[in-house]
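Bear in mind that the values in this text are calculations on the coordinates, not laboratory data. No experiment lies behind these values; they were computed from the predicted model shown. When we count neighbours, we look across all protein chains shown, and the Cβ atoms used for this are built from the backbone with ideal geometry, even at glycine.
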Amino acid sequence: MINDKYANKIVDIIQNFARKSSLWVVAYGTGCGAIEIPPTMTSRYDAERFGIRGSATPRQADVLLITGYLSTKTLKRVIRTYEQMQDPKYVIGFGSCTINGGMYWDSYNTIKALDQYLPVDVFINGCMPRPEAVISGFIKLQELIKEGKANGAQKYKENLEWYRENQRKVIKNWKMPDYNW
Amino acid sequence: MAVDLKGILSPFSALKQGVKPPHTVRFPREKKETAERYRGLHFNDLEECIGCGSCATICQNEAIDMIKIEGFETKDGDSGLRPRVDNGRCCWCALCVDVCPTGSLSLTKDYIYVTDDPNAFLWTPGVDNPDGKEKISFTSEEGKPLLDYQRIPMRELEGMERVKSFAEVVLGYDEEEARKEAARCVGCGICTEVCPVHMHIPEYIFAIGRGEDEAAIKIIYDNNPLGETCGKVCTRRCETVCAISKRGEPVAIRWLKRYATERANNADLIEEIVNPEILPPNGHSVGIIGAGPSGLTAAYYLSLRGFDVTIYEAKDKPGGMIMYGIPKYRLPLESIEKQVGYMQKMGVKIKYNTAVGKDITFNEIKEKHEAVLIGIGFEKPYELGINGEDAEGSIQAINFLRMVNSERPVDIGDKVVVVGGGNVAIDAARVSRRLGAEVTILYRRRVEDMPADWEEIEGAEDEGVVIHPQAIPLEILTDENNHVKAIKYANAEMIPDPNGGRPRPKIIEGDEHIIEVTAVIAAIGQGADYSFIPEDIMEKIETKRGRIVVNEKQQTSVPWIFASGDIANFRADAISAIADGYRAVKGIEELLLKKEK
Amino acid sequence: MREKETTLYLGPQHPGVTGNMMVKLKVAGDTVVKAETHVGYLHRAFEKLMEVRSWMQCFPIVCRICVPEPDPNEENLARAVEEIEGREVPERAKYIRVMVLELARMASILLWMGGQSGSAGLYTMPQWSVGDRDYILDLFEELTGGRVYHMYIWPGGVRRDLPEGFEDRVLKTLDYLESRLPDYDHLMFENAIFQKRAKGVGVIPKEKALEWGVVGPPLRGCGIKHDVRIDEPYEVYDKLDFIVPTYEGGDVWARAMVRRQEFEQSISIIRQVIEKMPKGDYYNKVPNPFNWIVPPGEAYVKTESVRGEFGYYVVSDGSLKPRRIHVRGAAYVHGVSLLEKILVGANIADVSFIMNSLGVCPPEIER
Amino acid sequence: MNLEKENKFAKQINETFHSAVVKVQRERRIIVELRSDLIPPFLSFAKEYLSFIHMAHYSCVDWLEENKFELVFMLWSYEEDVMLIVKTKIDREKPEFVTIKHLWPQAETYEREIHEMYGVDFKGNDRLGEFILEDWDDLPPMRRDFDTVKYAGEHYFTRPGREDAQDVRETIARHSGEEIPDFAKKYSIRRDEE
């Protein structure tokens, strides 16, 4: 009989390889960072070289790219989008404004730190980040997946209460179905 | 329906693109060089940076913090702080780069910063990327500066026009000029560190720029009651460290102070504007010897704090050196009288013509007052130590200035030689010009070694004063009436100091010259005269190289005696004297009020 | 028989809508009966933020208002402030500004080509046009230091002079893009599929166009020749020779062809600019930004952005900060009231196609 | 500068609306200030008789100190290439105005925004209500008495780790022993104006 531990490890490796090699990005341009996505995806930088491509619906997507600031109104939709995504799923925070508010640090309508509301696996710095930086972010994410460290979704499930509490602090009218995956 | 055959076929021409090589940038395998002025992560040349924080102020994202970093201390001209950028805030607009007065801050070609830790985006430029200097791309040098590096020029009387009278040379800013000049300030406050008084410079400049001159006056009088004097004659160390001066002309801090204080053109108006809080009398009494800048300053603030203050002044006018030592074309009489008049309104009592040791004894003062502040200044000039010095027509510069300032007749003839290179020498030379004489200054060292302000030196040259550097007087020749006839001097060469000090002049043997003169004015420094202090007390007062040793609150080794001004500091300027006076107030207050408790 | 009406939410997470916005449709079958634009997903409160920032600090913010074409924002703010202050701008700066604006227009048209054809199912076109757009971004990077947000045009002129040999590289890029135009034509504008999709769709009635506040290519697509560059020439457009293309029909096709022609005009304008650009100063310095007070006054300035009239209403009360800066994006009218009108009767499949043709840019609607 | 057509318009306006304060700001810009109840008739007059057919912009300015809102209409004449800026002040306490969407349909959108951002009530516009914001329960945010910095600080998480920041001015003052009195402190560039 094969050792279970070994088998698991091999399965993990194969699984992580498969996951990292086809990252489908949900087509949701949440902020101004969306402008650098077309160049990244099209012929000049051709992110499909890495198995990164767009996906029209969240259900088939693996990566939620938060391209910049989120207004509270969008945050609500983003949470809904995220929760509809199926495992494995990853979040990339794109641009300064997802880290500490960026240039909208004193705006009354945008959240400042994305990781308080969604589990973020990789942050890309820049305003905006160049396509090279975007690709670097994806490569970083791939590395994390390969090492089995990109476990944001796991974190989200485990700390759902904490995330919900933060989310409800800024979303005043919580009328959303619960997607319990 | 007609078939659009062309429309169906033409898209197929796209197929020909299939044979062309792709233009894809195969990042990360192949890197595209960023542009020459790409705006990537920050770099800061830590040695160049003076920590003025202009970057932090301009940043609309509040992305920049000024923090303490290791190896940099707060010192003259450097706040010791360095910027740290929160990359979670930065938008790489590079306003911070364009606004940086020193040009130390720049952006580099690096731009990729990817991590899974959201707390790892604090970036101290220069510390986090010590190798950034090689990658600098966006600099402020390339563009035009955002700050105003050109000073609003000060209007002055023409050089040859000036020598005709004792009218003020500097005409002062008008309102518009002052606003414009004040608007150049970045408000960092680095200047306040070197100001002996630590005046609130950025604040009053800001007030002037806003058109609130009265607020500016109030701020100036907060710790300098002789603001107008400083506005005219200060040695302005503040301007030497001004952040703007790193790449441009410093903000004209002195002229702005002059502008603001001149707005209040009589003592009543000053009182109305400054309207200081006056504490009720506390029953303590302080005596001050000498109505110079330090004594006046101390008297003013002590009065405001409820002390009963009396100044004993040997002469018949207040001001000490600023009254008698500074020529009227730099500091008019009315200006001093106005400022002292205001102080007297605030309760300062001045006893004129009361020389301590002559008209009143030191012990009497000791009896009358609980604390005594000595601010007598350096009134005893050094002698040249050459033959003929006691001849008629050989005068000491400060005596000469005092006589001219008190409008007593002085006969210097039409050809004067001034010996020395300090401000007093230049003053004496320029005053002599106004009395109609041709003037030559003999100075031991080079022009660049002269301790006088360069503006003063230039002003003297404009007025036709001849400066003869590296010239050492040897002898004053007299005629049969023991009147000065000529001065003999030798040219000198500069010998480098083996210990690294400044070069010393050495007489070139045989290179001796004689100029015919009608007067020789010596201005090689002064000392203090402590003879009025009884010996038993003087013994207890510690002195060093002719100056009284004081602690940081101007207290001497005799607790109830305080000393200030030239006799207590090595800087020998009005602003240091004012600072001493201001500090002495704290010392006296502490001494007397603590005793009470 | 009247078909049952259903509500359909198109967006905000939808690959077809032009950005982060939503159109709430009432559909009967697959025909739109009623459309309602919902915006606010990108509201960052720029106008509020600018009221709490000093005049110089406003300048990096404004370019974020319209992402695909940020330069009209910078130019507008700069020109409004200059007008209130009465500040002269050096001639060279004006030429550089026109060059930047036209390059931005070209980049934006290329991006639009990708979006417009992508929403018609022509997926090769975005690969080409967006890829080629990158060459313009390279020029921007060289000139301004940034690919997307240039922060280059500021009050008093422009921020940096042209780099050495920049003109040649611009001309080279223009030649390249011009040589690509036949390819775009074959792939998109001559394409039978595109023509079938575009003709007669999303018609704006000509007689209503002016009253409805239609501007820019949609207006010229109705055969009405109005362009801010001609009506109220700014910078140096009055010294340049170009035609304002118009097309009859008011449909997606007309708008597409107008943009297609404008692309060529832009190439010609930039060539003229490079030819005529004088040597000299490029920046008339504003005062120290910490103490920069703009005198009280107001100004409404406008530019012709790729989507039409782009206006800035700037009010100063004579303090360190603006009293009010109100941005008029062309999409403000196009994306809400106009879109709601012309979507009625359209097919669901055409909704994003029509939105693309109007150039609806949500960040300038809600700012 | 030739201001012939601008002056012609100004004259025409003054002849019809005597109370209008007309100023030719510059070439192609005419500013008209008017009582608020005269605005609807004036706008139709400008549209129908003076050829100002294009409503380019519709703005609102908060003059908190005067306790007024200023409504600003920008109309453009394609025939003469002139812009007419029409301004009127309305009460800030109970801001009310009538809709002008019958003249220009896009005015409806502007009115929705001004309603949401300033709280001005437009009589006759039935689409007022949520437009850009969602579930907003504070002051209308574009009002000048709404403090966005404070709101953002109270409602959103700000990343810690920057507490060691120091004020340059204060650091120097601390080092040199300078005591900055309170009345001087407000004159520091480094501090936000009150």
- line: For region B:63-104, listing trypsin sites (Lys or Arg not before Pro) in a DSSP loop whose Cβ sees at most 10 other Cβ atoms within 10 Å gives none
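Based on the inverse mean of 1/r over its pairs of different Cα atoms, what is the Kirkwood hydrodynamic radius of region C:45-366, in Å?
20.0
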query: Rg and Dmax of region A:57-181, using alpha carbons, in Å: what are they?
result: 14.0, 39
task: Could you name the lysines whose alpha carbon sits less than 19 Å from that of B:Lys351, not counting residues in the same chain fewer than 8 places away?
output: B:Lys315, B:Lys317, B:Lys338, B:Lys366, B:Lys368
query: Classify region B:386-482: rounded, prolate or oblate, from the alpha-carbon gyration tensor (a ≥ b ≥ c, eigenvalue square roots; a/c under 1.5 rounded; otherwise prolate if a/b is larger than b/c)?
result: oblate
query: Helix D:107-118 versus the longest principal axis of chain D: what is the Cα-based angle in degrees, 0 to 90, to the nearest 10?
result: 30
message: Apply the Karplus curve 6.51 cos²θ - 1.76 cosθ + 1.60, θ = phi - 60°, to the phi angles in region C:324-339 and return the couplings in whole Hz, x for Gly and Pro.
response: 7, 10, 10, 9, 10, x, 4, 6, 4, 7, 4, x, 10, 5, 5, 4
- line: Listed by chain and number, the residues whose amide H is under 5 Å from that of B:Ile395, excluding neighbours fewer than 5 places away on the same chain and using placed H, are B:Val520, B:Ile521, B:Ala522
query: Can you list the aspartates and glutamates whose alpha carbon sits under 14 Å from that of C:Lys206, skipping same-chain ones fewer than 8 residues off?
result: C:Glu248, C:Asp251
message: Nothing charged except the Cβ atoms of Lys and Arg (+1) and of Asp and Glu (-1): what's the magnitude of the dipole of region C:45-366 about its Cα centre? Round to the nearest 20 debye.
response: 520
For B:Lys6, net neighbour charge (Lys/Arg +1, Asp/Glu -1) across residues whose Cβ lies under 12 Å away: -3
- prompt: Do you know the relative contact order of region A:20-170, to the nearest whole percent, from alpha carbon pairs under 8 angstrom that are 6+ apart?
  reply: 23
query: Which pairs in the list B:Lys415/B:Lys485; B:Lys180/B:Lys257; B:Lys218/B:Lys257; C:Lys239/C:Lys276; D:Lys68/D:Lys101 are over 20 Å apart, alpha-carbon to alpha-carbon?
result: D:Lys68/D:Lys101
- line: So, over other residues within a Cβ distance under 10 Å of C:Glu51, counting Lys, Arg +1 and Asp, Glu -1, the net charge is +4
- line: Net charge near B:Gly421 (other residues with Cβ under 10 Å of its Cβ; Lys, Arg +1; Asp, Glu -1) is +2
field: Phi to ³J(HN,Hα) by Karplus 6.51 cos²θ - 1.76 cosθ + 1.60 over region B:283-288, Hz, x for Gly, Pro
entry: x, 9, 10, 10, x, 10
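Return the percentage of antiparallel bridges among DSSP beta bridges fully within chain B, rounded to the nearest 5 %.
Approximately 50 percent, going by the DSSP bridge assignments.
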statement: Out of D:Phe42, D:His102, D:His57 - ranked by how far each Cα lies towards the positive end of the dipole of region D:22-146, with unit charges on the beta-carbon of charged residues - the top one is D:Phe42
message: Taking the number of other C-beta atoms within 10 Å as the exposure measure, put D:Phe97, B:Phe206 in order starting with the fewest.
response: D:Phe97, B:Phe206
- line: To the nearest 20 debye, region A:20-170 has a Cα-centred charge dipole, built from +1 on Lys and Arg Cβ and -1 on Asp and Glu Cβ, of 300
- line: Most exposed first, judged by fewest Cβ atoms within 10 angstrom, C:Glu304, D:Glu178, D:Glu80, D:Glu96 run D:Glu96, D:Glu80, D:Glu178, C:Glu304
query: How large is ³J(HN,Hα), in whole Hz, for each residue of region C:85-96 in order, when computed from phi with the Karplus curve 6.51 cos²θ - 1.76 cosθ + 1.60 and θ = phi - 60°, using x for Gly and Pro?
result: 7, x, 8, 7, 10, x, 4, 4, 4, 5, 5, 4
- request: Determine, for D:Leu3, A:Leu144, the number of other Cβ atoms within 10 Å of each Cβ, and report the residues in order from fewest to most.
  value: D:Leu3, A:Leu144
query: Under the definition of Cα pairs under 8 Å and six or more residues apart, what whole-number percent is the relative contact order of chain D?
result: 13
message: Under 5 Å between amide hydrogens, which residues at least 5 positions from D:Arg29 or on another chain qualify, with H placed 1.01 Å from N in the peptide plane?
response: D:Met83
query: Which aspartates and glutamates have a Cα less than 14 Å from the Cα of B:Lys358, not counting those fewer than 8 places away in the same chain?
result: B:Glu313, B:Asp529
field: Relative contact order for region B:42-138, counting Cα pairs under 8 Å that sit 6 or more residues apart, in percent
entry: 36
task: Collect residues whose amide H, placed 1.01 Å from N in the peptide plane, falls under 5 Å from the amide H of C:Arg328; neighbours closer than 5 in sequence don't count.
output: C:Gly311, C:Tyr312, C:Tyr313
